[in-house]
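Colleague: Okay, here's the structure, questions in a sec.
The values are calculated or read from the model by the stated rules, or taken from the named source; none is laboratory data. The shown structure was predicted, so the numbers you read here are calculated from the model rather than taken from an experiment. Reconstructed Cβ throughout: ideal geometry from the backbone, glycine too, with neighbour counts over all protein chains shown. Just so you know, the surface numbers come from the protein's heavy atoms only, side chains and all, with ligands and any DNA or RNA stripped out. Shrake-Rupley method; radii C 1.70, N 1.55, O 1.52, S 1.80 Å.
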Amino acid sequence: MKRYNALFLGTLLTIIGLTACEKAEDPFVDRVAAPVLVVIDNASGDGGGLTAEPVVNQKIGGPVTMAVKIFELDKSGILDYKVGIDSIPVVGLALKLTRRDGTAVGDLKTDASGRAVLTKTWAELGVAAPKKGNSVQLTWSGEHKGQAFSRLSRIQAVE
């Protein structure tokens, strides 16, 4: 019986020792919070952080307008329900808009309300003869306070 108790105790200590190891960092995903909130204008859904790739519908026959609002989040009042989190527009922020394949679409700068707008034709976006359902995947990139960020979106052709 003493032998079984010793074996049980040894097994228990081994299990505790193995589970008490420090958790290794994830080598595949660098989890850094974005320095800004990027809200895509006129996107279906919220256009903000709840949609992985906001979609903006644009008519086939007209120009394609892409717009974004950039906010810095002041979280100093997060514990006070009367204050909460404040969204402060980021003024004069340089943005680069590219297609997912890396082709540059344009360079923008945010205005006093934190908004940047770019208007292009479908041909300039790489769609020579747009049809309903055609889409262009875009990446909005910039740097705020020394930290780079990117936000995905998509422009989709509608009639």
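Colleague: If you only keep lysine pairs separated by 8 or more in sequence, or across chains, how many in the stretch 35-157 come under 30 Å at the Cα atoms?
Modeller: 27
Colleague: Compare the peptides 136-143, 120-127 by average per-residue count of other Cβ atoms within 10 angstrom and give them in order, highest first.
Modeller: Listed from highest to lowest mean packing, they are 136-143, 120-127.
Colleague: To the nearest 20 debye, what is the magnitude of the charge dipole of the stretch 35-157 about its Cα centre, counting +1 on the Cβ of each Lys and Arg and -1 on the Cβ of each Asp and Glu?
Modeller: Charge dipole, the stretch 35-157, about its Cα centre: 420 debye, nearest 20.
Colleague: Once you have all Cα-Cα distances for the stretch 35-157, histogram them in 5 Å bins from zero and send the whole-percent values.
Modeller: Result, from short to long distances: 2, 11, 20, 22, 19, 11, 7, 4, 2, 1, 0 percent.
Colleague: Follow-up question, since we're still on this one. Taking 0.36 nm per residue of separation and subtracting the Cα-Cα distance, what length does fully extending T121 through F8 add?
Modeller: 33.3 nm
Colleague: Can you tell me what percent of all Cα-Cα pairs in the stretch 98-139 are more than 15 Å apart?
Modeller: Working: 428 of 861 pairs.
For the stretch 98-139, the share of Cα pairs beyond 15 Å comes to 50 percent.
Colleague: How much of the accessible area of the stretch 35-157, probe 1.4 Å, is carbon plus sulfur, in whole percent?
Modeller: Ligands and nucleic acids excluded, carbon and sulfur give 52 percent.
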